[in-house]
Amino acid sequence: MKIFAFAGSNSSTSINKQLVKFVLKSFGNHEINLIDLNDYNMPVFSVDLEKNGFPEEAHHFLDNITKSDIIICSLAENNRSYSVAFKNVFDWASRINVKVFQDKPMLLMTTSPGGYGGGNVMAEAQKFFPQFGAIIKETFSLPKFYENFDLNNGVINPELLTALNLKIENFKKQLV
């Protein structure tokens, strides 16, 4: 199985990327393509710029999805919505193919330093991603990242770790 994974953040210290990396350890025997949104730096989307064509990075993002079997992502929440970095990649890609996620199964996650764990961006994504071809099989939000996650050990809160592992196992079962 080929996995396309990313964090919806361009932070060099992205907590969402740390969560994705931790979860990918549960998929160690599969081909993993973990990207960094910093490699998809494009002009801010506008219909005026679109008239000149689409950035190569937008095509490359879509190609990564085409070549994958599943998508694992964790979205950063900025001001109760997607990060600008993710939204820009998404906007460009959606103009090339409105089914950005190409009917691929998705494990959708969020995390944040606060107690809501990125719940606002999770709600947005759950509402809109299926309209763009995401088949969201499981979701997980990790609240209070700095209290519940350790760089060496991953999720350290036993209840949250159990919940995450259950989500991962349920996701895997739905892929069969």
Checklist entry - Among the residues of segment 67-104, how many are among the acidic types (D, E), more than 25 Å from L142 (Cβ to Cβ) and touching a strand residue (DSSP E or B) at 6+ places or on another chain (Cβ under 7 Å)? => result 1
Checklist entry - So which of L49, L151 ends up being surrounded by fewer than 17 Cβ atoms within 10 Å (Cβ to Cβ), within 21 Å of S12 (Cβ to Cβ) and not hydroxyl-bearing (S, T, Y)? => result L151
Checklist entry - Which numbered condition trips up F171, out of (1) surrounded by 12 or more Cβ atoms within 10 Å (Cβ to Cβ); (2) out of contact with any Asp or Glu (no Cβ under 9 Å at 6 or more places or on another chain); (3) outside any strand (DSSP E or B)? => result (2)
Next on the checklist: Against the condition modelled with pLDDT of 95 or more and surrounded by 14 or more Cβ atoms within 10 Å (Cβ to Cβ), how does P43 come out, does it pass?
Outcome noted: no
Next on the checklist: Please determine whether any residue of segment 133-153 is among the hydroxyl-bearing types (S, T, Y) and over 16 Å from the mean Cα position of the chain (by Cα).
Outcome noted: yes
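This table checks each residue for (1) of a type outside the set (S, T, Y); (2) modelled with pLDDT of 95 or more; (3) crowded, with 22+ Cβ neighbours inside 10 Å; (4) in contact with a helix residue (DSSP H, G or I) (Cβ under 6 Å, 6 or more places away or on another chain).
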site	(1), (2), (3), (4)
K87	yes, yes, no, no
A93	yes, yes, yes, yes
N97	yes, yes, no, yes
V100	yes, yes, yes, yes
K104	yes, yes, no, no
S112	no, yes, yes, no
G119	yes, yes, no, no
Checklist entry - Mind checking which residues of segment 98-133 are among the hydrophobic types (A, V, I, L, M, F, W, C) and more than 30 Å from E147 (Cβ to Cβ)? => result V98, V100, F101, F132
Checklist entry - What are the pairs, 6+ residues apart or on separate chains, where a residue within segment 9-23 that is under 11 Å from S112 (Cβ atoms) and surrounded by fewer than 23 Cβ atoms within 10 Å (Cβ to Cβ) has its Cβ under 9 Å from a residue that is modelled with pLDDT of 95 or more and among the β-branched types (V, I, T)? => result I15/T111
Checklist entry - Looking at L142, is it under 24 Å from K25 (Cα atoms) and in contact with a Gly (Cβ under 6 Å, 6 or more places away or on another chain)? => result yes
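The values are calculated or read from the model by the stated rules, or taken from the named source; none is laboratory data. Predicted, not measured: the structure shown is a model, and the values here were computed from it. As a convention, Cβ positions derive from the backbone with ideal geometry for all residues, glycine included, and neighbour counts pool all protein chains shown.
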